[in-house]
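Have a look at the structure below before the remarks.
The values are calculated or read from the model by the stated rules, or taken from the named source; none is laboratory data. Since the structure is predicted, the reported quantities are computational estimates derived from the model, not experimental observations. Methodologically, a virtual Cβ is constructed for each residue, glycine included, from the backbone with ideal geometry; neighbour enumeration extends over all protein chains shown. The protein model used for the area step is the full one, side chains on, heavy atoms only, and it has no ligands, DNA or RNA in it. Shrake-Rupley method; radii C 1.70, N 1.55, O 1.52, S 1.80 Å.
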Amino acid sequence: YEGVVSDIEFSHKRGFYDGLFYLTLATETEDAIIYYSLDGTEPFDITKNGRFPMGAIYTGPISISKTTTLKTIATKTGWMPTDVKTQTYIFVNDVKRQSPNGQAPGQDWPTGNVNGQIINYGMDPDIVNNPKWTGLIEDALLDIPTISLVTDLANLFDPSTGIYVHARNDGIAWERRTSVELINPDGTPGFGLDAGLRIRGAFSRSGGNPKHAFRLIFRSEYGAGKLRYPLF
């Protein structure tokens with residue numbers, strides 16, 4: 001490589017927001033191109049046979065007005081690119097009213113079941129719209145830190161390889177790369193890095209159980225070999 005592309009700088013850090021803002025991205029490396037995605041997919045694919053852009057090219061500020069997962073990378077021909085960086089911006093009112101009728105939260109999200117795995121999205125409208133609780137939910141969602149996991153949908157739901165729809169399988173063959181962010185509601189620094197994602201549990205792995213637990217594994221192939229953070 002002729003050099004290493006400088007890290008991407010974000011005008012807004014990951015966190016909780018309640019109003020529209022415009023996100024700017026920048027790198028100090030002249031003529032570098034920034035690619036980004038807003039759907040959890042990788043913005044760029046680098047293989048032995050070449051480089052394949054998969055996201056949009058950043059040309060100016062990005063309007064953020066709802067919960068958004070941003071993945072970015074900066075590249076330059078002949079230079080080592082940056083690592084893929086992920087930033088999650090959470091709008092609590094979006095979370096509160098996500099999929100009230102159980103509908104898929106976005107394009108390509110499966111509905112019904114896959115391989116017999118029951119899939120159930122959304123917040124319960126009987127709680128969200130109940131006068132007793134509706135005024136308390138947003139503050140409750142901000143009472144503890146949030147962990148954001150951002151990965152390609154296929155890693156979870158692909159009928160052949162998705163770990164969520166093969167929840168009884170385990171071992172490294174059923175580990176998928178994910179971004180992990182700890183987001184503190186009070187704005188204090190959390191962390192953001194990549195790790196391995198697996199399903200954890202015993203009886204709860206049953207496809208009849210719509211909610212599975214995750215396990216995170218930190219290894220050098222994803223970046224940091226260990227999580228160094230005072231989590232407890």
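At a Förster distance of 35 Å, what's the computed FRET efficiency of residue 115 paired with residue 220, Cβ-Cβ distance as r, to 0.05? Calculated transfer efficiency: 0.60. Available extension along the chain between residue 123 and residue 59 is 19.5 nm, counting 0.36 nm per residue and deducting the alpha carbon span. Largest first and in whole Å, the equivalent-ellipsoid semi-axes of the stretch 1-86 read 24, 14, 10, each the square root of five times a Cα gyration tensor eigenvalue.
Charge tally for residue 74 (other residues, Cβ to Cβ under 11 Å; Lys, Arg +1; Asp, Glu -1): -3. Taking the accessible area of the stretch 141-232, probe 1.4 Å, and keeping the other protein chains in place, the carbon and sulfur fraction comes to 55%. Subtracting the Cα-Cα distance of residue 9 and residue 108 from their residue separation scaled by 0.36 nm leaves 32.6 nm.
R0 = 35 Å: FRET efficiency of residue 168 with residue 2, Cβ-based, nearest 0.05?
It comes to 0.15.
Of the peptides 137-143, 65-71, 126-132, 5-11, the ranking by mean beta-carbon count within 10 Å, highest at the top, reads 65-71, 5-11, 137-143, 126-132.
Grab the DSSP H runs of the chain that are 4 residues or longer, score each as -39,500 (n - 2.57), total them, divide by all residues and round the 222 nm result to the nearest 500 deg cm²/dmol. If you can, show how the numbers build up before the last one.
On the way: 4 runs with 19 residues, N = 232.
Taken over the chain, the calculation gives -1500 deg cm²/dmol.
Where in the stretch 181-207 does the amide nitrogen come within less than 19 Å of the point 7 Å from the Cα of residue 139, taken along Cα to Cβ? 185-187, by backbone N distance to the label point. Translational diffusion coefficient of the stretch 25-152 at 20 °C, 1.002 mPa s, Stokes-Einstein with Kirkwood Rh over Cα pairs, in µm²/s as a whole number. Answer from the Stokes-Einstein relation: 123 µm²/s.
Peptides 117-125, 31-39 ordered by packing proxy, namely the average of other Cβ atoms within 10 Å per residue, highest first: 31-39, 117-125.
Rg/Rh, computed from the Cα trace of the stretch 162-202 with Rh as the Kirkwood radius, has the value 1.13.
A straight chain from residue 184 to residue 154 at 0.36 nm per residue would run longer than the Cα-Cα distance by 8.0 nm. Modelled spin-label separation between residue 206 and residue 232, with each label point placed 7 Å from Cα along the Cα-to-Cβ direction: 3.0 nm.
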